[in-house]
Amino acid sequence: MDLTYEILLTLHAIAGVIALVTYWAAALLRKGSPAHRAVGKAYLLAMLVIVVTGAPMAVIIAMKGKPGIATFLGYLVVITATGMWNGWRAIRRKGQQQAFRDGTYAAVAVLNVVVSAVVFTVGWQMSQALLMGFSMVGLLGGAQMLYLRARPMASPRWWLEEHFSAMVGCGVATHIAFLAIGLDRIVRMAGIEPPSWYHLIAWFLPLSLAFVAVPLLRRKYNTAPVARPA
């Protein structure tokens, strides 16, 4: 089991580095250009490896008697996979909002709400404020998906907002993984002990910046809703 975990961890880490680089490359390239699309695909492939390796890692961690870490990792797999799926489907279904918000979309939304409730419960039982606080991400995300299924966006560029919102969400996961896991390990290997508040910053700073980035992107790409017909 240890060898399996080490292989998964290595693949996970390599994919994480690729995801971090390609995320910023796609962000800086002209949107919609061939280069942007190619790098974006590379980013999603790297994120797919992260999700595929993260799920069995969570199971192994749970078997080692670390339910809190396993729960959190499994939760991150769910909300990250949701962002990837929504971002990819928004491009594939542009012009077909009803098809985008189909029954599978609703099922994924409910899954996010249920998993978030489980994470909050585990956090409550373990007195882990981080688990309880971060469970709100999936809860609010799933609730918003259900709301938008009942009341679809009125903007003709709804698909663009869905895409960049999902990619910002994936970026949050990418940067949290780098700050809370990758950079943390590098610092510890250098013989430096991170301060107690570092992990709260590592988890919640990327999330806070996302709440700023989405409205700015909405204004930049003019995805505000148009007036609905009477």
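The values are calculated or read from the model by the stated rules, or taken from the named source; none is laboratory data. Just so you know, these numbers come straight off a predicted model, no measurement behind them. For neighbour counting, all protein chains shown are included, and Cβ atoms are generated from backbone atoms with ideal geometry for every residue, glycine included.
Just a few scattered comments:
- In region 53-69, residue surrounded by the most Cβ atoms within 10 Å (Cβ to Cβ) [restricted to those that are modelled with pLDDT under 90 and of a type in the set (G, A, S)]: G68
- Flag set for S116, criterion: among the hydroxyl-bearing types (S, T, Y) and crowded, with 19+ Cβ neighbours inside 10 Å.
- Out of G169, G138, G182, sole residue that is outside any loop (DSSP other than H, G, I, E, B) and surrounded by fewer than 21 Cβ atoms within 10 Å (Cβ to Cβ): G182
- Residue that is closer than 27 Å to Y23 by Cα, hydrophobic (A, V, I, L, M, F, W, C) and touching an Asp or Glu at 6+ places or on another chain (Cβ under 9 Å), where the choices are L130, L111, L148, L140: L148
- Scanning region 188-200 for residues that are part of a helix (DSSP H, G or I) and either exposed (fewer than 10 other Cβ atoms within 10 Å of the Cβ) or touching a residue at least 12 places away in the same chain (Cβ under 8 Å) (or both) returns M189, Y198, H199, L200.
- Of the set (1) among the small types (G, A, S); (2) within 17 Å of T82 (Cβ to Cβ); (3) outside any helix (DSSP H, G or I), all apply to S155 but (2).
- Meets criteria (part of a helix (DSSP H, G or I), surrounded by 13 or more Cβ atoms within 10 Å (Cβ to Cβ), modelled with pLDDT of 90 or more and of a type outside the set (V, I, T)) for R218: no
- Condition check for A55: within 29 Å of K220 (Cα to Cα) and out of contact with any Cys (no Cβ under 6 Å at 6 or more places or on another chain): no
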